[in-house]
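As structure tokens, the structure follows; a few thoughts come after it.
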Amino acid sequence: MSKRIVIIGAGAVGGYVGGHLARTGHDVRLFDPWPEHVETINASGLCLEGTQGEHVVRVPAMHLHEMQAMSQTPADIAVLCTKSFDTEWAARAVLQYLTPDGFLVSMQNGMNEEQVAAVAGWDRTVGCIVSTISVNCYAPGRIKRFQQPGGKKHTVFRVGEPHGRTTPRAQELADIFSHVDSAAVTQNLWGERWTKLTTNSLTHGLLGATGEDNRSVYVERGTAHRLGVKLAGEAIGVGRALGYNIGTILGIAPDDWADAAVGGTVALETVQSGLAHWMTTLIEPSQSSVGRDVARGRRSEIEYTNGLIAAKGLEVNVPAPTHAALTEIVLRIDRGELKAGPANIEGIPV
């Protein structure tokens, strides 16, 4: 019997994953707070575009207030794809509509498993890192992927239990997500989480603060690029102090990032070469999720990416001042006190 899957937050990642699962025959329902998005999907289908082809998928989409209808058809798996600041209420809302063996999966930025477990318990909490999928919900009912599929070269979906053991449900979940792109079970959930957090932190704060796209960090050699290297070095230092096993970041070894951040010229050349190669895997530049939220006048997740690294750095006495500075800039933009622009980062030491 196929599992009933609900996606809470059917924007870029949630909509893309849910759409491809529905396209390949899985029992999926989408829930989203954007009324026009839900109504467009129900009226004309969910349009998936980009590097995995063009598909119009018929998949049930529901407004959040319609979740009560799940009382007669509870879900086996609830995938949380909301913004990090919406984790707790989303987990609490859907928990009561799960089967007795049902569980929640955090497929979000940041490190939200602890928030999920506070609501559902650790036994009903699973993590899934989505490693560089690069998708954008650019209009109601329309989602585009810019990143080439991972395939055999790069595992996109990394499913992990908080306790680190491989379980049947984790393997089943990886098998399910393999219908979207490459997927595997990891025994290093927390290290994978920090690796993805570090990857996000290279662009989230910088693009949110400047309004530019990722070419300013990956390709160009100006202030944003130099700060990006420094951000990576700080995040790796904090993560290692926390005891995490950190993997490659955009295909580049963490030691190379760390050495480049403190002036290693050979390491910097390796980083720059790696970034140039990574950029070739994208069909067009991206603003990152924080950059897009800033551009659209919405609250960003900056406190859960760069801000989280800065906060954790203080806990382990490994300061991350560049993350802290960018977090404050983006928060000021979120509050309407500042406009995004390249000048915002000129005063940050490089």
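The values are calculated or read from the model by the stated rules, or taken from the named source; none is laboratory data. On a predicted model such as this, the values are computed, not experimentally measured, just so you know. Virtual Cβ from ideal backbone geometry, glycine too; neighbours counted across all protein chains shown.
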So, of the residues in the stretch 144-168 that are touching a strand residue (DSSP E or B) at 6+ places or on another chain (Cβ under 7 Å) and among the charged types (D, E, K, R), which turns out to be farthest from residue 56 (Cα to Cα)?
161
Output the helices (runs of 4 or more DSSP H) that fall wholly within the stretch 225-309 and possess 2 or more residues being hydrophobic (A, V, I, L, M, F, W, C) and closer than 30 Å to residue 49 by Cβ, or say none.
265-279, 288-295
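For the stretch 227-243, enumerate the residues that are in contact (Cβ under 8 Å) with a residue 40 or more places away in the chain, of a type outside the set (Gly, Ala, Ser) and surrounded by 18 or more Cβ atoms within 10 Å (Cβ to Cβ). Please lay out each step first, then the result.
Kept after step one, since they are in contact (Cβ under 8 Å) with a residue 40 or more places away in the chain, are these residues of the stretch 227-243: 227, 229-231, 234-235, 237-239, 241-242.
Those still in the list that are of a type outside the set (Gly, Ala, Ser) too: 227, 229-231, 234, 238, 242.
Result: 227, 229, 230, 231, 234, 238.
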When you scan the stretch 69-83, do you find a residue that is surrounded by fewer than 24 Cβ atoms within 10 Å (Cβ to Cβ), of a type in the set (Gly, Ala, Ser) and without any contact (Cβ under 8 Å) to a residue 12 or more places away in the chain, even just one?
yes
The residue that is surrounded by the most Cβ atoms within 10 Å (Cβ to Cβ), considering only those in the stretch 244-274 that are closer than 22 Å to residue 158 by Cα and among the aliphatic types (A, V, I, L, M), is 249
Could you list all residues from the stretch 109-135 that are in contact (Cβ under 8 Å) with a residue 60 or more places away in the chain and under 24 Å from residue 281 (Cβ atoms)?
109, 110, 129, 130, 131, 132, 133, 134, 135
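Considering only residues that are of a type in the set (Gly, Ala, Ser) and in a helix (DSSP H, G or I), look in the stretch 191-224 and name the one that is surrounded by the fewest Cβ atoms within 10 Å (Cβ to Cβ).
At the first step, the residues of the stretch 191-224 found to be of a type in the set (Gly, Ala, Ser) are 191, 201, 205, 208-209, 211, 216, 222, 224.
Subset that is in a helix (DSSP H, G or I): 191, 201, 205, 208-209, 216, 224.
On the way: 191: 20, 201: 31, 205: 34, 208: 32, 209: 31, 216: 23, 224: 23.
Here the residue is 191.
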Subset of the stretch 258-317, residues among the polar types (S, T, N, Q) and modelled with pLDDT under 95, comes to 280, 281, 286, 287, 288, 289
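For the condition in contact with a strand residue (DSSP E or B) (Cβ under 6 Å, 6 or more places away or on another chain) and of a type outside the set (Phe, Trp, Tyr), what is the one hit in 274, 313?
274
Is it the case that residue 108 is polar (S, T, N, Q) and assigned to a helix (DSSP H, G or I)? Don't jump to the end; show me each part of the working.
Working: polar (S, T, N, Q): yes; assigned to a helix (DSSP H, G or I): no.
When the stated conditions are applied, residue 108 does not pass them.
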Among the residues of the stretch 143-171, write down those that are surrounded by 15 or more Cβ atoms within 10 Å (Cβ to Cβ) and either closer than 20 Å to residue 75 by Cα or touching a helix residue (DSSP H, G or I) at 6+ places or on another chain (Cβ under 7 Å) (or both).
143, 145, 157, 158, 159, 160, 161, 162, 169, 170
Of all the residues that make up the stretch 30-63, how many are surrounded by fewer than 18 Cβ atoms within 10 Å (Cβ to Cβ) and within 19 Å of residue 5 (Cα to Cα)?
6
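Is the stretch 323-330 home to any residue that is hydroxyl-bearing (Ser, Thr, Tyr) and either in the same structural domain as residue 111 (by TED's automatic domain parsing) or part of a loop (DSSP other than H, G, I, E, B) (or both)?
Going residue by residue through the stretch 323-330, those that are hydroxyl-bearing (Ser, Thr, Tyr) are 327.
Pick out the ones that are also either in the same structural domain as residue 111 (by TED's automatic domain parsing) or part of a loop (DSSP other than H, G, I, E, B) (or both) and you get none.
No - not one qualifying residue is present in the stretch 323-330.
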If we ask which residues in the stretch 111-139 are touching an Asp or Glu at 6+ places or on another chain (Cβ under 9 Å), of a type in the set (A, V, I, L, M) and assigned to a loop (DSSP other than H, G, I, E, B), their number turns out to be 1
Is it true that some residue in the stretch 82-99 is in the same structural domain as residue 156 (by TED's automatic domain parsing), part of a strand (DSSP E or B) and either touching a strand residue (DSSP E or B) at 6+ places or on another chain (Cβ under 6 Å) or at pLDDT 95 or above (or both)?
yes
Is it true that some residue in the stretch 2-22 is within 19 Å of residue 96 (Cβ to Cβ) and surrounded by fewer than 18 Cβ atoms within 10 Å (Cβ to Cβ)?
yes
